[in-house]
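Step one of this worksheet: look at the structure below.
The values are calculated or read from the model by the stated rules, or taken from the named source; none is laboratory data. The structure presented is a predicted model; accordingly, all values stated were derived computationally and were not measured. Every residue, glycine as well, gets a Cβ built from its backbone with ideal geometry; the counts of neighbours run over all protein chains shown. The area values use the complete protein model at the heavy-atom level, side chains included, leaving out ligands, DNA and RNA. Shrake-Rupley method; radii C 1.70, N 1.55, O 1.52, S 1.80 Å.
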Amino acid sequence: MMAAAKKFSPVWLTLPSLALFLVMLMTPLTLTLLLSFNEYDNMKGAVGGFTLDHYWKVISDGFYLEIFWRTLKIGLLTTLICVVVGVPEAYILSRMNRPWRSLFLMIVLTPLLVSVVVRTFGWSMLLGFEGPINQLFVALGWGKSRLLYTEGAVIAALVHVMLPFMIIPVWTSLQKLDPQVEQAALSFGASRLTAITRVVLPQIMPGILSGGLIVFGLAASSFAIPGLLGGRRLKMVATTVYDQYLHELNWPMGASIAVILLLANLVVMLTCHRVVEGQYRRRLG
Amino acid sequence: MPFLELDNLTKQYGHLYAVENVSLTVEQGEFISLLGPSGCGKTTTLQMIAGFVEATAGAIRLQGRDITHAPANSRGLGIVFQSYALFPHMTVAGNVSFGLEMQKVSKAERARRVDHALTLVHLDAYADRYPRELSGGQRQRVALARALVIQPPLLLLDEPLSNLDAKLREAMQFELRNIQQQVGTTTIMVTHDQAEAFSVSDRVVVMQSGKVMQIDTPYQVYEHPATDFISRFVGKTNMIPSAPGHPQRHIRPEKLRLVAAGSGRVNATVAERFFLGSQWFYHLTSDLGELTVTIPNDGSAPQAPGTVVGVQWDEANMRTLAEGRA
Ligand SMILES: Nc1ncnc2c1ncn2[C@@H]1O[C@H](COP(=O)(O)OP(=O)(O)OP(=O)(O)O)[C@@H](O)[C@H]1O
Ligand SMILES: [Mg+2]
C-alpha cells in the first residue's frame, strides 16, 4: 500500500503541470489543427467540413513560400549572429573577475527586462529616417538610407533580445568546464586559439546547440519585432498568421500556416536533438 | 648550470603563504619528489613551474632561462595534473596524441608513439574509449601516458599514481624510473606517500606549510630527519626520554629488537600486536613510556600480549634532533 503510493507519487506531483499542459497548450493546439482543415467561405468564414486546400495553397503559392523562406532566413541569420557574438561574449564573461562578472551579466540580461514594445520603438527611433544613425551618415557625407522596415532592422532587434538566450546556456556549459583541461592543452604546446577551438569549443557545443535552438525557435515564430520593424511589406510567418486571422478573416488559412510553422520548428528541433544525442552523449554525458 | 632552479619562489593568496621562499636546484636527469602533508603547497609549487600559477615573488630558471613569467604554452613541459584534466571529448588515443599533434609530429609516427605510450601504462586495449568510460586509475594512467608520450625535457607529476592499486603502482614507479634513466628526463613528482617518494627519487624535498624543511636523499631523510615533524611524517618513531637539559632522542621501530626479559636495555610488556604480513607490529609499555617495535615475520612465533620482553638497540641508531629545529 505504502510502496504503491510511493511509486505513484511522481505521477501525482506532475498532475498540476500536466493539467496546465492539457488545458492551456494541447486544447488550443488541437482546436487550431481542426480549424486548419475547415472549409472557408468568403462570406461566412469557417464553415466546417474537411479540406486540405489551405495546406496545398501554402505550399504551392509563391506568396506564402516567400514568407516561409524569409522567416527561415531571418531565423538562421539571427541564430548565426547570436552564436558569433554570444559565444565569445559568454567566454569572456566566464573569465571575468568577481565584481565585473555579475555586472556584465546584468547588462547582458537587460533587453529581457524592457518591454518588447518599448524596446522595439527604441529601435524604430534609432533606425528611423530622421534617427541618430541616419544623422551620423549625413554627417559622414554618405547621405540618408532606409534602415527601418528592412530585414536588417528585424535581425538587429531580434539579435538584441535573443542574445541572453544564447549566452546563458553557453555560460552554463562553460561553468561546468574544468579550467585545468584548458591549461592542459596549453601545457602541451597549444596556442590560445587552438586550445579554444580544439578543447573548449567542442565541450560547450551542446550549450551552443541548445542556445541556438532556443534562439531559432523564438526568432522564427517572433511576432512583435517583425510586426513593428518589418512594416506592412516585410512579413514573417507569425505576422502572416495574424493577418489571416484578423484582416483576411480566413481563420482556417491562418491555422494551417501556424500548424506548418509549428511542424517546421519541430523538425529543426528534433534534428538538432538527434545530432546532440548521437555526437555528445557518449563523450560528455 | 643547474637544469632547473627555483629561487625563493613564493605564492601568496591574500594573507596565506601557500608557498614561501622555496629554493631548489635540480640537475639534468634527476628525479625529485615533493613530499608533504595535504595543503603544504606541493601542487602550487608545481603549477608555478608549469606556468599556471603566477609567482608572487622569486624566480624560476629552466636551463638558465628565466621562465618565471613565460606563458605556459612556451615551456614545453609534460604535466600530469592532480585532477588528470583529460580532454573529455577526445578518446584515450586522442588525448595521448594531442601533444604530438601540437608538435606537428607526422601521423604515422604519432600512431606509433601513442601505441607505445598506451602499452606502457597497460591501456592499449582502451584506445577508443572516452575518459568518462574509464575508472579513476585508468584515467590517471591516460594522463601519465599523455605526459610521457611527448618526451618532455622536464616532467611534472602531481600525484600521478595515487589512484592505482599497489601492484600497478609499483609497476608504474618502475616505468617512471626506467624512462628517467633511459631517456634522461628530469622529473619532479608530487606525492604524500613517503614510501613512493623514497623508492623512486634521487632526492626528496620535504615541505610543511609552504616551506621547504629538508632536501636530501631518501636515506638521509629517513635516517637523519631534520625535524621532529619530518621524523614522524616519513615513518614511525619512538621518543626516548633523556636527562633534563639534554636533547630529545628518537629511534625507529625497526631498529629495536625483542630479546629475553632482563637481557635488553629495558624490560617491556606487550600491550598489543598487529600482523602486517611481512612484519609484526608491537605496542609495548615500559619504564621509557610507550614503545613501538616492528619485527620481520621470519616464521618464528610472535610474542603474545601480556608477555614481558627485553628491548635491545644499538646506540648508533639513536638520533637526536638539534635543539630549536624540532
Ligand atoms: N586558488 C587558491 N586560492 C586560495 N588559496 C589557495 C588556492 N590554491 C591553493 N590554496 C591554498 O594553498 C595551500 C597549498 O595548496 P596546494 O594545492 O599547493 O596543496 P598540496 O600540497 O598540493 O595539497 P594536497 O596534497 O592536498 O594536494 C592550501 O592551504 C590551499 O588552501
Ligand atoms: Mg596537491
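Counting pairs of alpha carbon atoms under 8 Å apart in space and at least six apart in sequence, what relative contact order in percent does the stretch A:50-284 give?
On the way: 225 pairs, mean separation 63.3, N = 235.
Relative contact order comes out at 27 percent.
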Taking the Cα centre of the protein assembly as shown as origin, sum charge times position over the Cβ atoms of Lys and Arg (+1) and Asp and Glu (-1), and report the length of that vector in debye to the nearest 20. 1020
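Within 10 Å of each Cβ of B:80-88, how many other protein chain Cβ atoms are there on average? Present the calculation step by step, with values, prior to reporting the outcome.
Numbers: counts 1, 6, 1, 4, 4, 9, 4, 10, 9.
Averaged over the peptide's residues, the number is 5.
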Kindly state, to the nearest 0.05, the FRET efficiency for A:PHE223 paired with A:LEU22, given R0 = 41 Å and r defined as their beta-carbon distance. 0.95
Once the Cα atoms of chain B are picked out, what are the Rg and Dmax in Å? 23.4, 75
Work out the FRET efficiency for A:LEU31 and A:GLN135 from their Cβ-Cβ distance, taking R0 = 35 Å, and round it to the nearest 0.05. 0.10
Which percent of the accessible heavy-atom area of the stretch B:169-326 goes to carbon and sulfur, probe 1.4 angstrom? 52
Chain B, helix-only ellipticity at 222 nm - DSSP H runs n ≥ 4, -39,500 (n - 2.57), divided by all residues, nearest 500: -7500 deg cm²/dmol
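Mind putting a number on the dipole of the stretch A:50-284 about its Cα centre? Charges go on the C-beta only, +1 for Lys and Arg and -1 for Asp and Glu, and I need it in Debye to the nearest 20. Before the final figure, lay out the partial values.
Values: 19 positive and 11 negative charges, 128 e Å.
Rounded to the nearest 20 debye, it is 620 debye.
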Quick one: Karplus J couplings for the stretch A:261-269, per residue in order, coefficients 6.51, -1.76, 1.60, θ = phi - 60°, nearest Hz, x for Gly and Pro? 4, 4, 4, 4, 4, 4, 4, 4, 4
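Taking only protein heavy atoms into account and a 1.4 Å probe, give the accessible area per residue of the protein assembly as shown in Å².
That works out to 51 Å² per residue.
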Using a 1.4 angstrom probe with every protein chain in place, what is the largest-first accessible-area order of A:ARG119, A:ARG98, A:ARG281? A:ARG98, A:ARG281, A:ARG119
Report the relative contact order of the stretch B:238-320, percent, no decimals, based on alpha-carbon pairs under 8 angstrom and at least 6 residues apart. 38
Are there trypsin sites (Lys or Arg not before Pro) in the stretch B:48-121 that DSSP marks as loop and that have at most 16 other Cβ atoms within 10 Å, and which are they? B:LYS104
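In Å², nearest 100, what accessible area do chains B and A bury in total when the solvent probe is 1.4 Å? The partial results should precede the final answer.
On the way: alone 15640 and 17510 Å², together 30960 Å².
Rounded to the nearest hundred, the buried surface is 2200 Å².
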P(r) tail for the stretch B:238-320, what percent of Cα pairs lie past 18 Å? 39
Over the whole of B:70-77, what's the average partner chain Cβ count within 10 Å per residue? Rounded to a whole number, please. 4
Students sometimes get this wrong: rank B:GLU290, A:GLU151 by accessible area, probe 1.4 Å, all chains present, largest first. B:GLU290, A:GLU151
Sorted largest first, extent of the protein assembly as shown alpha carbons per principal axis (Å): 124, 77, 53
Per the charge dipole of the protein assembly as shown (beta-carbon charges, Lys/Arg positive, Asp/Glu negative, Cα centre), the residue among A:ALA90, B:SER162, A:LEU18 reaching farthest to the positive end is A:LEU18
Over 28 Å between C-alpha atoms is what I'm after, so list which of A:LYS7/A:LYS176; B:LYS42/B:LYS167; B:LYS211/B:LYS236; B:LYS42/B:LYS236; B:LYS42/B:LYS107; A:LYS44/A:LYS235 land there. A:LYS7/A:LYS176; B:LYS42/B:LYS107
Excluding ligands and nucleic acids, what accessible area in Å² is computed for A:ARG198 using a 1.4 Å probe, to the nearest 10? 80
For chain B, the longest principal axis of the Cα atoms and the Cα long axis of helix B:166-183 enclose an angle in degrees, to the nearest 10, of 60
Could you tell me what percent of the DSSP beta bridges with both partners in chain B are antiparallel, to the nearest 5? 75
In square angstrom, rounded to the nearest 10, how much accessible surface does A:GLU182 have for a 1.4 Å probe? 20
Pop a pseudo-label 7 angstrom from the Cα along the beta-carbon direction at both B:GLN103 and A:ARG281 and give the gap in nm to one decimal. 3.8
With θ set to phi - 60°, apply the Karplus curve 6.51 cos²θ - 1.76 cosθ + 1.60 along the stretch A:232-242 and write out the HN-Hα couplings as whole Hz, x wherever there is a Gly or Pro. 6, 7, 8, 8, 10, 4, 5, 5, 5, 4, 4
Using amide H atoms built in the peptide plane, which far-off residues or other-chain residues are under 5 Å from B:VAL259 H to H? B:GLY310, B:VAL311, B:GLN312
Kindly provide the helix-only [θ] at 222 nm of chain A, computed as the sum of -39,500 (n - 2.57) over DSSP H runs of four or more divided by all residues, to the nearest 500 deg cm²/dmol? -24500 deg cm²/dmol
Partner chain Cβ atoms within 10 Å, averaged over the residues of A:188-200 - can you pull that number for me? 5
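If you average the sequence gap of Cα pairs under 8 Å that are 6 or more apart and divide by the length of the stretch B:81-184, what percent do you get for the contact order? If you can, show how the numbers build up before the last one.
Numbers: 101 pairs, mean separation 36.8, N = 104.
The value is 35 percent.
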Using packing as a proxy for protection, rank A:206-212, B:248-254 so that the peptide with the highest average count of other Cβ atoms within 10 Å comes first. A:206-212, B:248-254
Area accessible to solvent at A:TRP100, 1.4 Å probe radius, in Å²: 140
Pop out the ³J(HN,Hα) list for the stretch A:248-255 in order, Karplus 6.51 cos²θ - 1.76 cosθ + 1.60 with θ = phi - 60°, rounded to Hz; leave Gly and Pro as x. 7, 6, 8, 4, x, 5, x, 5
Extend 7 Å from the Cα of A:TRP69 along its Cα-to-C-beta direction; within the stretch A:233-256, residues with backbone N under 15 Å of that point are A:235-237
Spin-label pair A:ASP61/B:ASN21, simplified geometry with 7 Å Cα→Cβ offset, distance in nm: 8.8
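Quick one: pull the percentage of alpha-carbon pairs in chain A with a separation above 25 Å. Numbers along the way, then the final one.
Values: 25092 of 40470 pairs.
Of all Cα-Cα distances in chain A, 62 percent exceed 25 Å.
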